[in-house]
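Accompanying notes for the structure given below.
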Amino acid sequence: MKSVLVSEDHAIVRFGITTIIKDLLEPVKVVEAADFDETIRHLSEQPFDLLILDINIPGGNNLQMISAVRLRQPNIRILIFSGYDEQIFGINYIQAGADGYLEKHAPEEEIRRAIVTMAENGKYITPGIRTRLMDHGGHHGFGPHGTVNPLHTLSGREKEVMHLLAKGMSVMNISKELNLQVTTVSTYKSRIFEKLNISNIIELAEMVRLYSN
């Protein structure tokens with residue numbers, strides 16, 4: 001009998017994933033956790049074949065989650081189940097040691113395929129992440145755990161603006177802080193978003209948190 005740990009803070013999402021797992025892998029034992037501390041406790045108490053992990057749970061939300069899991073169960077299969085865009089964040093968690101990455105808004109058919117694939121051979125890499133892994137194969141400029149650091153593409157001034165944006169400052173206030181025209185700051189903001197391939201401040205703040213020393 002396989003044993004699966006579902007680590008997700010939204011009860012309705014846990015229920016949905018657990019239902020799918022029981023339908024696909026029966027007989028199976030499914031244990032649920034609502035935050036990362038509870039996840040670690042379960043990992044310390046019993047072995048699991050598969051961990052389905054939402055990275056944005058209380059007590060977690062960083063690449064070090066993978067290391068913490070591996071420290072307790074080195075051979076567990078880890079499927080990241082995230083609301084973050086795989087094209088922006090998927091490769092980071094794969095390179096940090098996860099075995100698969102799946103977006104929460106993926107079709108149910110893909111969610112089922114990912115779970116079965118992880119249970120059978122332990123890896124689920126989407127074509128998009130596979131392509132990015134190949135593209136980054138020979139590049140320098142790495143972030144935490146050997147991941148490619150996208151912040152290295154920014155100029156010094158762009159990094160200044162980036163950090164202020166990530167702190168929640170408005171374009172107007174940044175212009176005053178750095179003694180720049182509002183239009184100039186707006187241009188920097190657009191350039192930063194384009195270089196980092198992001199579309200909002202939430203994604204920017206997450207990227208800064210992951211890659212800034």
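The values are calculated or read from the model by the stated rules, or taken from the named source; none is laboratory data. Because the structure is a prediction, the values reported are computed rather than measured. Because the Cβ atoms are built from the backbone with ideal geometry, glycine has one as well, and the counts that use them run over all protein chains shown. Quick note on the areas: whole protein, heavy atoms, side chains included, nothing else; ligands and nucleic acids left out. Shrake-Rupley method; radii C 1.70, N 1.55, O 1.52, S 1.80 Å.
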* Structure fact -> In the set Ile202, Ile174, the lone residue that is assigned to a helix (DSSP H, G or I) and either at pLDDT below 85 or closer than 30 Å to Gly100 by Cα (or both) is Ile202
* Test Ile55 against the stated conditions and say whether it is among the hydrophobic types (A, V, I, L, M, F, W, C) and within 19 Å of Glu203 (Cα to Cα). => yes
* Structure fact -> Within the range 191-210, residues closer than 14 Å to Ser155 by Cβ and either open to solvent by 50 Å² or more (accessible area, probe 1.4 Å) or among the small types (Gly, Ala, Ser) (or both) come out as Arg191, Glu194, Lys195
* Structure fact -> Per the filter on the range 177-199, residues in contact (Cβ under 8 Å) with a residue 12 or more places away in the chain, in a helix (DSSP H, G or I) and touching a helix residue (DSSP H, G or I) at 6+ places or on another chain (Cβ under 6 Å) are Val185, Ser186, Tyr188, Ile192, Lys195, Leu196
* Asked: What is the residue count in the range 119-130 for residues that are open to solvent by 100 Å² or more (accessible area, probe 1.4 Å) and under 18 Å from Asp54 (Cα atoms)?
  -> 1
* Asked: Could you say which residue among Ile12, Ile52 is assigned to a helix (DSSP H, G or I) and under 21 Å from Glu108 (Cβ atoms)?
  -> Ile12
* Looking at the range 79-98, is at least one residue among the charged types (D, E, K, R), over 21 Å from Asn200 (Cα atoms) and either surrounded by fewer than 15 Cβ atoms within 10 Å (Cβ to Cβ) or at pLDDT below 80 (or both)? -> no
* Which of the residues belonging to the range 62-110 are over 17 Å from Arg14 (Cβ atoms), out of contact with any His (no Cβ under 7 Å at 6 or more places or on another chain) and polar (S, T, N, Q)? -> Asn62, Gln64, Ser67, Gln73, Asn75, Gln87, Asn92
* How about the range 99-118: which of its residues are open to solvent by 10 Å² or more (accessible area, probe 1.4 Å), assigned to a helix (DSSP H, G or I) and under 15 Å from Leu53 (Cα atoms)? -> Ile111
* Has the range 61-68 got at least one residue that is in contact (Cβ under 8 Å) with a residue 40 or more places away in the chain, in a loop (DSSP other than H, G, I, E, B) and more than 22 Å from Asn92 (Cβ to Cβ)? -> no
